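Engineer: Quick one: the structure is below, and I'll ask about it shortly.
Please treat every number below as a calculation from the coordinates, not as lab data. What you see is a predicted model, and the numbers here were worked out from it, not measured in a lab. Positions of Cβ are generated from backbone atoms using ideal geometry, with glycine treated the same way; all protein chains shown enter the neighbour counts.
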Amino acid sequence: MASKYWLKLYHEMLDDPKVAVLPDRYWRRMIECFLLAGDHNEKGVLPSVDHMAWKLRMDPDSLETDLVELGKLGIVEQIKGEWVVSNFDERQRPRTAAERNKLYRDRKRKDYEKGWFEDGEDDK
């Protein structure tokens with residue numbers, strides 16, 4: 001399966017307690033796992049530790065240690081001997097037309113409640 005060239009990062013990560021307290025090393029490793037999962041394009045399954053270590057230019061043992069730490073936080077998990085980014089497929093899937101329309105209507109309703117209108121002028 002061909003990989004996509006982008007992935008979604010959610011603003012809510014800024015306020016997620018388990019992410020907020022991550023040391024820089026694990027924050028970086030988390031983002032690298034997201035990128036590797038997107039590149040691998042197998043519903044969140046990560047490539048082998050050796051392959052990831054080569055891509056990240058690091059020692060496989062150090063990477064394994066980092067994955068274990070991220071696993072304790074539920075960011076990644078080991079399933080049938082493979083590392084998987086938790087909830088990756090669900091969070092990266094495209095939105096349906098119905099979901100996009102609902103979000104659009106919600107945004108428009110909020111804009112109207114704030115007094116913002118299509119022409120850029122307020123109601124005064």
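Engineer: Could you work out [θ]222 nm for the chain from helices alone, using -39500 (n - 2.57) per DSSP H run of at least four and dividing by all its residues? Round to the nearest 500 deg cm²/dmol.
Structural biologist: Details: 6 runs with 65 residues, N = 124.
Taking each H run of at least 4 residues, the total per residue is -16000 deg cm²/dmol.
Engineer: Now for a different question. Find how much the distance from E82 to D59 grows on full extension, using 0.36 nm per residue of separation minus their present alpha carbon separation; answer in nm with one decimal.
Structural biologist: 6.5 nm
Engineer: Name the lysines eligible as straight-distance cross-link partners of K102: C-alpha to C-alpha under 27 Å, and not fewer than 8 places from it in the same chain.
Structural biologist: K4, K8, K43, K110, K114
Engineer: HN-Hα J couplings of the range 22-36 from phi, Karplus 6.51/-1.76/1.60, θ = phi - 60°, integer Hz, Gly and Pro as x?
Structural biologist: Ordered by residue, 3J(HN,Hα) equals 5, x, 3, 4, 6, 4, 4, 4, 4, 5, 4, 5, 4, 5, 5 Hz.
Engineer: Compute the FRET efficiency between D15 and E42 as 1/(1 + (r/R0)^6), taking r as their Cβ-Cβ distance and R0 = 22 Å, and round to the nearest 0.05.
Structural biologist: For R0 = 22 Å, the calculated efficiency reads 0.15.
Engineer: Are there any chymotrypsin sites (Phe, Trp or Tyr not before Pro) in the range 71-116 that are in a DSSP loop and have at most 16 other Cβ atoms within 10 Å? List them by number.
Structural biologist: Sites meeting the loop and neighbour criteria: W116.
Engineer: May I pose another question? Starting from the amide H of V76, placed 1.01 Å from N in the peptide plane, find each other amide H under 5 Å away whose residue is 5 or more places distant or on another chain.
Structural biologist: Amide H to amide H, under 5 Å and 5 or more residues apart or across chains, V76 pairs with G71, S86.
Engineer: Cβ under 12 Å from M58's Cβ, M58 left aside: what net charge do those residues give with Lys, Arg +1 and Asp, Glu -1?
Structural biologist: Summing Lys and Arg as +1 and Asp and Glu as -1 gives -1.
Engineer: Under a GNM of the chain (C-alpha, springs under 10 Å), which listed residue has the highest mean-square fluctuation: L14, L36, L63?
Structural biologist: L14
Engineer: Now for a different question. Suppose R0 equals 22 Å; then what is the FRET efficiency for E90 and R25 from their Cβ-Cβ distance, rounded to the nearest 0.05?
Structural biologist: The calculated FRET efficiency here is 0.25.
Engineer: Which of (1) 1.13; (2) 1.06; (3) 0.93 is the computed Rg/Rh (Cα atoms, Kirkwood Rh) for the structure on display?
Structural biologist: (1)
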